[in-house]
1. Of the numbered conditions (1) among the charged types (D, E, K, R); (2) surrounded by fewer than 12 Cβ atoms within 10 Å (Cβ to Cβ); (3) under 16 Å from the mean Cα position of the chain (by Cα), residue 154 satisfies every one except a single condition; which is it?
2. So, in segment 41-61, how many residues would count as being farther than 16 Å from residue 14 by Cα and of a type in the set (Ser, Thr, Tyr)?
3. Scan segment 1-24 residue by residue and report those that are aromatic (Phe, Trp, Tyr) and without any contact (Cβ under 8 Å) to a residue 40 or more places away in the chain.
4. Can you spot a residue in segment 109-126 that is open to solvent by 50 Å² or more (accessible area, probe 1.4 Å), without any contact (Cβ under 8 Å) to a residue 40 or more places away in the chain, of a type in the set (Lys, Arg) and in a strand (DSSP E or B)?
5. Among 138, 129, which is open to solvent by 50 Å² or more (accessible area, probe 1.4 Å), in contact with a helix residue (DSSP H, G or I) (Cβ under 9 Å, 6 or more places away or on another chain) and part of a helix (DSSP H, G or I)?
6. With segment 1-94 as the region, which strands (runs of 3 or more DSSP E) entirely inside it contain at least 2 residues that are within 25 Å of residue 119 (Cβ to Cβ) and open to solvent by less than 10 Å² (accessible area, probe 1.4 Å)?
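The values are calculated or read from the model by the stated rules, or taken from the named source; none is laboratory data. This is a predicted model, so every value here is computed, not measured. Positions of Cβ are backbone-derived with ideal geometry, glycine not excepted, and every protein chain shown enters the neighbour counts. Ligands, DNA and RNA are stripped out before the accessible areas are found, and what is left, the full protein with its side chains, is counted by its heavy atoms. Shrake-Rupley method; radii C 1.70, N 1.55, O 1.52, S 1.80 Å.
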Amino acid sequence: KLNNIKNILEVGTFTGYSTLSMALSLPQNGRIICLDKNKETSKNAESYFRKANVENKIKIIIANALDTMEKLIIEKQFFDLIFIDADKENYINYYNLSYQLLNKGGLMIIDNVLWKGEVSNSDINDRLTTVIKNFNSTVKEDKRVEKTILPLGDGLTICRKI
């Protein structure tokens, strides 16, 4: 509501908790496109959207998110907000594609960037922790966005496209 957001892209929907929270804040003409690959969890999420009477604002696309994002770029669809909470291995790919889909001044929010605090420990270098560390470094160096990390929950990076 603070940023007059009307069009949202969510990469990774799972149970739809974040989707539902965002949908409830959208104006009547707002919309969310959700990208997820899991039919079961998406079907479950849709039941919550119906119960909250926001299903008319939400479209779930069950497919490979990277492929779908590339199609959205070709279709010249743009978003005011993009929320990324999917497979961590593709965070940098989602980030780069999201930048192309984001309106100037739009927000990109990325979940799980503190990775249970493990990203701050130089002794922890398992595959996923390293992926998140590398992602965080890439975002830190990106001059195309203003960014901050909120240390809430498992950490949220908020970027604003300049």
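1. The number of the failed condition is (2).
2. 0
3. Our first condition is that a residue be aromatic (Phe, Trp, Tyr); within segment 1-24, this holds for 14, 17.
17, the sole residue that qualifies.
4. Among the residues of segment 109-126, not one is open to solvent by 50 Å² or more (accessible area, probe 1.4 Å), without any contact (Cβ under 8 Å) to a residue 40 or more places away in the chain, of a type in the set (Lys, Arg) and in a strand (DSSP E or B), which makes the answer no.
5. Values: 129 fails: open to solvent by 50 Å² or more (accessible area, probe 1.4 Å).
Just one listed residue meets the conditions, 138.
6. Values: elements: 7-11, 31-36, 58-62, 79-84.
Ranges flagged: 7-11, 79-84.
Yes/no matrix, rows are residues, columns are (1) under 25 Å from residue 134 (Cβ atoms); (2) touching a helix residue (DSSP H, G or I) at 6+ places or on another chain (Cβ under 9 Å); (3) modelled with pLDDT under 95:
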{"residue": "4", "(1), (2), (3)": "no, no, yes"}
{"residue": "33", "(1), (2), (3)": "no, yes, no"}
{"residue": "44", "(1), (2), (3)": "no, no, no"}
{"residue": "78", "(1), (2), (3)": "no, yes, no"}
